[in-house]
Amino acid sequence: MPTIAIDAMGGDHAPEEVVKGVAQVSLATDIECVLVGDERRIQEQLEGVSYNPEHIAILHCRDVIGMAENPREAMRRRDASLLVGTRAVAEDRADAFVTAGNTGACILACAKYFPLIRGIRRAALASVYPRHIEYPGQDRFALLLDVGATVRCEAEELVHFAVMGAGYARRISKVASPRVALLNMGSEETKGGETLVAAHRRLRALGGINFVGNVEGNDLVRGRADVIVCEGLVGNIALKLIEGVSEVFTDLASVAAERRLTWRFGLRLLARGIERLRELTDYAQYGGSPILGFERLCIKCHGRSTAQAVANAVKVAAKAVRDRVPAEIAAAVTVVG
Amino acid sequence: MRLGGPRKRTRSARPESPLVCRWDLDKTYLRSEFTTLRQLLRTAFERPEQKVDVPGVAELIRGLKAAAESRGQTALVYFVSASPPQIGKSIRAKLALDGVPYDGIVFKNQLEHLRRGKFRNLREHVGFKLVELLRGHLAAPADTRELCFGDDWESDSLIYSLYADILAGRLATAPLTALLMRIRVDPLLVAEVVELATRVPARDAVERIFINLERRTPPATFRLFGPRVVPTFNYFQTAVVLAMMGRLRLADVTRIGAVLVERSGYTARRLDNSLDDLVRRGLLTLSAAERLAAPLRAAGLLSHPAPRTRWRRMLGRLGRWRPRRPEVRPSAPPGALDYDAILARVQPAARRAAATGGRP
C-alpha cells in the first residue's frame, strides 16, 4: 500500500479538517498515512473522531507556513510541516505528499526537494474541475494546466505540459486517448501570438497525443477537451473565474430566495436538482490538483479544503502512486523527445 | 521483563492474589455480526468452526493464564454474555477449538424474559451483567484482583465502571439505585444488584477495564470513565498495556504480534503505528515503548527506524525534534465517576429522563 504524507497544519481549516479527512481514509482504505505537524494538536483532533491508528503515523514538527506568507521567505523555515512533509517524500519515507497549505511555498518546496523528470524544464500545477460531457467515455472532470506554477511559458514548455497532462489523464481518468487542447483567444491556429502559434504547430506535429487544436474560454466547461494547456497566469485567472461564477450563482439564488416567495418556492421545487449540481461542481469531490513534472508526486488541495476534500486528495495521491503516474509522464516525454 | 518499572506495593495486591479476568463474548472475543435480523439468525445457527474470533484474543487469554502461573498465581477466566444459553454449546465448542482455557461462562436467559413479557430486558444488559459480575466476585477469593474486557458496541464501559465502583465502595445504595433506575434496569434486577452490592466487602479490586474499539468509537468518548478504562484498537495494544502492568510477559506480546502478522495480514508498520498510538494517548511511556520495541524488532514484528541524518540525530539529542508527550495516566480514578455526565453521553433516554427530573 502506498504511503502518503499529509501536511496536517496547512489550509484554512487545519488541523481539524485535515485530521478528520485522514481519519476517514484510515477507516475506509489500507493507505498508510503520515500526518506531518504538531503531534500534540494532531492527537487531540484524532482522539475526537473515529480512526484506525494502524494506518496513521505522525511526523512531528513545530512550525507552520501561513497561507498569506511570502513563499520565498517561508522556505527558510525548515521545520515547517510543508517542508518536512516534502522532504519525507524526497527521502523515500513516503510515496507522495498532500497539502492544503500555501500554494507558492508548496511549489517552491517541490522544486527544492524533488528532481524534475528528465526532459521537463518546468513543473505545472494542474487543476481538475467538473465540466460537461460531450463524448462517450469521457471523464466528468477535465484537467487544466498550468494554473500558477509557471507564470510565463515558452512554446516548448506548453508542449511539455500537454504531454504531462495527457499522461496524467490516461492513468487517473482512465481515458485511453485524452483530447488535448491549447487555451487561446480563437480556434484558428494563427491566433494568440508567437508562443501560442509555435506551441500549436509543435503539438500538431507531435505523435503520441490526441491534439484537437485551440479551444476558447467558453469551451473550458464544455467537453471539447480533456486536457487544456495554458501558461500559469492565464490558467489561474480562468480557474478562479470558474470558481467565482459558481459561487456568485449560488449567492444570487440565496439572495433571490430571501426576497421573493415565488423564488423560494421555485428553488424548493428544484432543491434536489440544485443539490446534484452543487455536488457535481463541489471541489471537495475531486480532491486536489497534482503538481506535475517532478519525479515525486504532490497533490495540492484547495486552501479551504474540508475533511472530504482532504480524504479524496489522499485517495487520488495513492491512486497516482499505484498507477505510477511520474513514470508514465517520463515515458511519454521520452517518446516525444 | 517488566516494562512499567517497579510496582508500588501500596497500590496493588500481593503477588499471590488470584487474578480474575472477566470477558464479554460478542465483539470482544467473537466477531459476531448482528446489526440486521438476518445476521442475528445466522449468528444463532453458526457452527463453532464458522465463528470468527477477534485476532489475538485467544493468545491473549492463554498468555494471561500462563503469565500468572509463571508467577505462582492463579488466573481465572470468566465469560459473561448477553447471548441466549441456546447457543452455549456452539460457543463452548468454539472456545475448545481455539484452545482457550476458561473457568466459567454465563448466558442471559432471553427466553425467560420473553415468557415474562419483559421485552425491554431483551436489549437491556446492565442489570443482568451487574448481577452476574457481583455474583462471580462474591464466589471468588476475597483478595482477588480483576481485569475486565469488553467492547464499544453496548454499555460495557458503563457496566464495568459501575461494577468497579461498587467493589471499591464508591457507590452507596441510594445513588446506585437512582442510577440503575435512570438506565431503566428492571426493578427486580435493581433490587438484586443492590442486595449483592451490600454483601461485597469494599475493596478496589478492578485494576483496568479494556474496551476493544471494534466500532472505532473515538477514544475521547471514554475520558469520562477515567484512566481505569483503557480503549484499545487491537489486542496487540491491549497486550502491550498488560505487559506494562506486569500482567503479561514480553514473550506473550511477541506471540500476539506474530499471530496478527501471520493470520490477520498485519504488517510491521501497522504494529509500529499501534505502539505509537498508545504512547501518544498516554497509555505507555516512551521509555517503556522503546524497551518493548527492541525485542519485537529483533523478532521482525516491528520495522527498523529510518536512518536519520547527522544533523537530525544531533538536534534529536538536544530535544528539538522531540514532541511533548503526555504523562502516562494513573490506573485508578481519584474518586467516583461523574455518572450523570456519562449517562447524558451514552444513554439518550437517560438524558431525557434527567431533564424531566429523573423519571424514566
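The values are calculated or read from the model by the stated rules, or taken from the named source; none is laboratory data. Worth saying up front: this structure is predicted, and the values here are computed from it rather than measured. As a convention, Cβ positions derive from the backbone with ideal geometry for all residues, glycine included, and neighbour counts pool all protein chains shown. What goes into the accessible areas is simple: the full protein's heavy atoms, side chains included, and nothing from ligands, DNA or RNA. Shrake-Rupley method; radii C 1.70, N 1.55, O 1.52, S 1.80 Å.
Bridgeable aspartates and glutamates around B:Lys94 (alpha carbons under 18 Å apart, same-chain partners fewer than 8 residues away excluded): B:Asp24, B:Asp26, B:Glu33, B:Glu46, B:Glu49, B:Asp53, B:Glu59, B:Asp103. When accessible surface is computed with a 1.4 Å probe, chains A and B are found to bury approximately 2300 Å² between them, both chains counted. Highest mean packing comes first when the peptides A:187-193, A:260-266, B:264-270, A:77-83 are listed by Cβ atoms within 10 Å, giving A:77-83, B:264-270, A:187-193, A:260-266.
Using the Cβ of A:Cys153 as centre and a radius below 9 Å, the other residues enclosed give a net charge of -3, where K and R count +1 and D and E count -1. Taken per residue, the accessible surface of the range A:147-245 reaches 43 Å², heavy atoms only and a 1.4 Å probe.
Per-residue 3J(HN,Hα) values for the range A:145-154, derived from phi via the Karplus relation 6.51 cos²θ - 1.76 cosθ + 1.60 with θ = phi - 60°, read 8, 9, 10, x, 6, 10, 4, 10, 10, 9 Hz in sequence order (x marks Gly and Pro). Across the range B:228-245, coupling constants 3J(HN,Hα) worked out from phi with the 6.51/-1.76/1.60 Karplus curve, θ = phi - 60°, read 5, 8, 10, x, 10, 8, 7, 6, 5, 4, 4, 4, 4, 5, 5, 5, 5, 7 Hz, and Gly and Pro carry x. Across the range A:265-273, computed HN-Hα scalar couplings (Karplus, 6.51 cos²θ - 1.76 cosθ + 1.60, θ = phi - 60°) run 4, x, 5, 4, 5, 8, 3, 5, x Hz from first to last residue, x flagging Gly and Pro.
Summarising the amide proton neighbourhood of A:Gly213: residues at separation of 5 or more, or on other chains, whose placed amide H is nearer than 5 Å comprise A:Leu182. The apolar share of the surface of the protein assembly as shown, taken as the fraction of accessible area on carbon and sulfur atoms (1.4 Å probe, ligands and nucleic acids excluded), comes to 54 percent. Close amide H partners of B:Ile105, meaning residues 5 or more places away or on another chain with modelled amide H under 5 Å apart, are B:Phe79.
For chain A, lysine pairs with C-alpha atoms less than 26 angstrom apart, excluding pairs fewer than eight positions apart on the same chain, total 14.
Close amide H contacts of A:Val98 (hydrogens built in the peptide plane, cut-off under 5 Å, sequence separation of 5 or more or a different chain): A:Ala5, A:Ile6, A:Asp7, A:Ile299. Using a cutoff of 8 angstrom between alpha carbon atoms and counting only pairs six or more residues apart, the relative contact order for chain A works out to 23 percent.
Looking at the square roots a ≥ b ≥ c of the eigenvalues of the Cα gyration tensor of chain A, which shape do they give, rounded for a/c under 1.5, prolate if a/b is larger than b/c, or oblate? Here chain A falls in the oblate category.
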